[in-house]
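The values are calculated or read from the model by the stated rules, or taken from the named source; none is laboratory data. Since we're looking at a predicted model, the values are computed, not measured. Note that each Cβ is placed from the backbone with ideal geometry, even for glycine, and that neighbours are counted across all protein chains shown. To get the accessible areas, we keep the full protein, side chains included, count just its heavy atoms, and leave off ligands, DNA and RNA. Shrake-Rupley method; radii C 1.70, N 1.55, O 1.52, S 1.80 Å.
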Amino acid sequence: MYSVLIRNARIVDGSGNPWFMGDLGIDGQTIAGVGHLGAVRADLVIDGSGLVVAPGFIDIHTHSDVPLLVDGDGHAHIRQGVTTNVIGNCGGSSAPMTDEQAAQAGRQQFDMPDFVWDWRSLGDYFARLERQGTSLNVAALVGQGTVRGAVMGFADRPATPGEVAQMAEIVRQAMLDGAFGLSTGLVYVPGSYAATDEIIELARVAASFGGIYASHIRGENDTLLTAVAEAIEIGRAARIPVQIAHFKAMGRHMWGRSVDSIQMVDEARSQGVDVTCDQYPYNASATGLGSFLPGWAHVGGSEALKQRLSDPATRARLKRDILNGVDGWVSFHKGVGWDNTLITHAQDHSLEGLTVSEIAHRLGKDEFDAAFDILADNLGRVSVVYFTIGDEDIERIMRHDAVMIGSDSSAVAAEGPLAKGKPHPRAFGTFVRVLGAYVRQKGVISLENAVRKMTSLPAQRLGLPDRGLLRPGMKADVVLFDPATVADQATYTDPMRYPAGIEYVLVNGRLTVCRGKHLGIRAGAVLRHPLPKGVR
């Protein structure tokens, strides 16, 4: 007797092996049988005829830390078949944090003024998430930028030995609380102020717990290859597995350079450095508009930035640095331009859906001045999408065996408090876009390999021994989809559209999405990285 029985489905088990026809039996939270299960009974029987059954997708790269506290249903992700979110990426985690960091976050959370930042440690964050409940499983990284900000604020200088020790202790405590590793966002302040040696010391702490090092590297434009080299060096020196985030070559002048960056990954792996990557299947990237500015502009935080933007001489310097680069830093503006930079979220909602060039034209301003005014008027909290990635690079990277899928998005929703602005369509479409556009339509990779990149590969990278495969004894995170119709429907102008073809999603054995509709079930679990023997 099973709690759930899926009959007559095309089983793609997550290993990369060819599909086979069969049944899947679930007992409570656990997969109990796979294959031809015969005349058995179940509380719930799902007819899988014409459908693929696969392990629930693991999104290795999300920013759902706060959204899942606002709305734990995780609509944008779970309706794609995603059952696990990895949070705390790009060096920015919502825990641990100081009182000042919590106050600063509250001041900048302009769309949710009543949201309370009432946790400080990662353990506190987990406890609140468990109290509220979530439809998704959640695994967390600890952000190096958040840790540096807790100890040094927005100071642009090397850390002292004492400060490195303080940061190491914060990372240690987060790992004790269950973090799966350390993340960096080395184009974002204050994390970008850290030198390589400082990062290595923190990565060594994560490595001692069996964690990983996940990095938004120090540039994906002109500095791509040196940034990849730095990530590899950190992995080698700290003896830690490396996960390069949203692997790409950014800017039209860089198209084709993925040949070189992939070769670097292959060479590192041949030398024993465990390097893997993730990517999203879109031509556009997304970030904050403030990230187009050099690091010196952000010293002291958002109020100091606003004051600098009010000074004409400083604006002139900013424009020069954005155009020419400075101290090895190259702006996201290079190879993109303001005409390809689309505002997606701002305190002034009238700006959303317009490019910086369009706004400048309407206001009769220079494009740089328009960008600076937008930042100053919105306290630096402006989200943008910018079109920057070549199709051949996307496909070349996707074919690589060490590349998995990650949305670089939040589990938002098309309704309720999280339905704000015009987010990058990757939030609603990453995984189904791979299955529809890159598997069925373009044939870039096989169905079995696509599922492997979404399931067993990220599970292996994180160290989740009981997820990512359809095997007896594994946790029953399961998705059923129609391979003939699965597709993304979100666009840049209309991004809040749920996908087609995702029929059923089960999380820890509980049916959560039925025929594409969310049932309001919150069966997700907080996943904590196990402590190595002898570590306390």
- Between residues in segment 310-334 that are over 15 Å from residue 290 (Cα atoms) and residues that are of a type in the set (S, T, N, Q) and part of a helix (DSSP H, G or I), which pairs lie under 8 Å by C-beta distance while being six or more apart or on different chains? 328/226
- Would you mind finding the one in 444, 432, 451, 439 that is assigned to a helix (DSSP H, G or I) and open to solvent by 10 Å² or more (accessible area, probe 1.4 Å)? 439
- For residue 284, indicate whether it is within 30 Å of residue 487 (Cα to Cα), touching a residue at least 12 places away in the same chain (Cβ under 8 Å), hydrophobic (A, V, I, L, M, F, W, C) and open to solvent by less than 30 Å² (accessible area, probe 1.4 Å). yes
- Message: Where the second residue is in a loop (DSSP other than H, G, I, E, B) and surrounded by fewer than 24 Cβ atoms within 10 Å (Cβ to Cβ) and the first is in contact (Cβ under 8 Å) with a residue 24 or more places away in the chain and of a type in the set (Asp, Glu) and lies in segment 57-84, which pairs have Cβ atoms under 6 Å and are six or more apart or on separate chains?
- Response: 65/94; 71/416
- Message: Looking only at segment 362-381, filter to residues that are part of a loop (DSSP other than H, G, I, E, B) and closer than 17 Å to residue 295 by Cα; which one of those is farthest from the chain's Cα centre (by Cα)?
- Response: 379
- Task: Just give me the residues in segment 315-333 being in a helix (DSSP H, G or I) and open to solvent by less than 30 Å² (accessible area, probe 1.4 Å), in sequence order.
- Result: 318, 321, 322
- Query: Among the numbered criteria (1) open to solvent by 10 Å² or more (accessible area, probe 1.4 Å); (2) on the phi < 0 side of the Ramachandran plot, which single criterion is violated by residue 90?
  - Reply: (2)
- Query: Taking segment 502-522 as the search range and keeping residues that are in a loop (DSSP other than H, G, I, E, B) and over 21 Å from residue 415 (Cβ atoms), which one is nearest to the chain's Cα centre (by Cα)?
  - Reply: 508
- Give the residues of segment 1-47 that are small (Gly, Ala, Ser) and assigned to a strand (DSSP E or B), sorted by residue number. 3, 9, 22, 25, 32, 33, 35, 42
- Query: Hey, residue 99 hits all of (1) of a type outside the set (Gly, Ala, Ser); (2) farther than 21 Å from residue 420 by Cα; (3) open to solvent by 30 Å² or more (accessible area, probe 1.4 Å); (4) touching a helix residue (DSSP H, G or I) at 6+ places or on another chain (Cβ under 9 Å) but one; which does it fall short on?
  - Reply: (4)
- Query: Which members of segment 352-385 meet the condition of being closer than 20 Å to residue 496 by Cβ and open to solvent by less than 10 Å² (accessible area, probe 1.4 Å)?
  - Reply: 382, 384, 385
- Message: For residue 304, only one of the following conditions fails: (1) surrounded by 15 or more Cβ atoms within 10 Å (Cβ to Cβ); (2) in a helix (DSSP H, G or I). What is its number?
- Response: (1)
- Item | Check on residue 68, in a helix (DSSP H, G or I) and crowded, with 24+ Cβ neighbours inside 10 Å | yes
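If you go through segment 479-494 one residue at a time, do you hit one that is among the aliphatic types (A, V, I, L, M), open to solvent by 50 Å² or more (accessible area, probe 1.4 Å) and closer than 18 Å to residue 413 by Cβ? So that I can check it myself, show each step before the final result.
Taking segment 479-494 first, the residues among the aliphatic types (A, V, I, L, M) are 479-480, 484, 486-487, 490.
Filter again for open to solvent by 50 Å² or more (accessible area, probe 1.4 Å), leaving 484.
Now restrict to residues that are closer than 18 Å to residue 413 by Cβ: none.
No, there is no match, as no residue in segment 479-494 is among the aliphatic types (A, V, I, L, M), open to solvent by 50 Å² or more (accessible area, probe 1.4 Å) and closer than 18 Å to residue 413 by Cβ.
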